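Notes to accompany the following structure.
The values are calculated or read from the model by the stated rules, or taken from the named source; none is laboratory data. These numbers come from a predicted model, not from an experiment. Here the Cβ positions follow ideal geometry from the backbone for every residue, glycine too, while neighbour counts run over all protein chains shown.
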Amino acid sequence: MKNYIYSIFEETGTLSLEEIILHVAVSILLGCVIYLSYYFTHAGGVYSKKFNVSLIMLTILTATVMTVIGNNIALSLGMVGALSIVRFRTAIKDSRDTAYIFWTIIVGICCGVGDYTVAVIGSLAVFVVLLILGRVKNDNRMLLIIRGARNMERRIEAIVFDYFDAKAMLRVKNTGRDSIELIYEMPRKVYLISNKREKSIAEMLYELDSIEYVNVVAQNDEISG
C-alpha cells in the first residue's frame, strides 16, 4: 500500500518530485519578495494585508498550474477553459495593484517552467524600480464649489479669475431658474499660494449678494474603502 501511494506521487509527468518542490519553493521565495515590495512601497489610501498575502498565494498557485501544464497543449487548453468560467470582481483600490497581480502571475509562470533566472532578474529589477518610484503620488487637486444667485454669474467668474490668476479651470456649471453652481478645479499649489492673501476666496465671494455657499474640496485619485 505504501509503495502504491508513493508511486502515485511520483507520477507527475516528466518532472521529478524534487523538481516540483524546487518550483514551489522558488515561487514562495519570490512571492515573499513581492510581499515586501508591496509592504514598503504601498502609498495608497488603504493598505490591505489580505491583498498582500494573496499576492504570495497567487504566485504559488500560478507556479503550480504551470508545473501541471508543462508542455501539454491539450491540458493547457483545458485549463484555460476551466479558468474562463471563473469571474473575478475584486475591486482594485490602486492602479499599481494591477501591476503587482501581473508581477505575481509572471513570476509564477517562470517558476512553473523552471526559468528561475528570468524570474529572479525581473523581480529584482521591478523591486528596485518600485523602491525608487513606488511612493510617487498624484498631486491633490482642489475643487472650488460656489452656489449663488444666477445674476451673480459674471461677478463670481471675475473674482475667481482674478484671485487665482486665471489658473482655476471651470469644470462644471449647473444652472437653475434663479440659482447657479460653479465648480472650479486647480492644482493644490495654486490654491495654497493664492490663499496666502489677506482675504480668502470665500470671504471675497461672500461679499457678493445672494451667495449660498462656498466649498473647497481636496480631490485625488486614490480609492479607499
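Only residues that are of a type in the set (Gly, Ala, Ser), closer than 28 Å to Leu22 by Cβ and at pLDDT below 75 were counted across the range 35-76, and they come to 3. For Ala99, are the conditions met, namely being touching a residue at least 40 places away in the same chain (Cβ under 8 Å), in the same structural domain as Tyr39 (by TED's automatic domain parsing) and not charged (D, E, K, R)? Taking the combined requirement at face value, the residue does not satisfy it. So is Met79 within 15 Å of Ala119 (Cα to Cα) and modelled with pLDDT under 85 or not? Taking the combined requirement at face value, the residue does not satisfy it.
Scanning the range 179-194 turns up no residue that is over 27 Å from the mean Cα position of the chain (by Cα) and part of a loop (DSSP other than H, G, I, E, B).
Yes or no, residue by residue, for (1) touching a residue at least 24 places away in the same chain (Cβ under 8 Å); (2) more than 10 Å from Arg147 (Cβ to Cβ); (3) not basic (Lys, Arg):
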site: Lys173; (1), (2), (3): no, yes, no
site: Ile180; (1), (2), (3): yes, no, yes
site: Ile183; (1), (2), (3): yes, no, yes
site: Pro187; (1), (2), (3): yes, yes, yes
site: Val190; (1), (2), (3): yes, yes, yes
site: Ile201; (1), (2), (3): yes, yes, yes
site: Met204; (1), (2), (3): yes, yes, yes
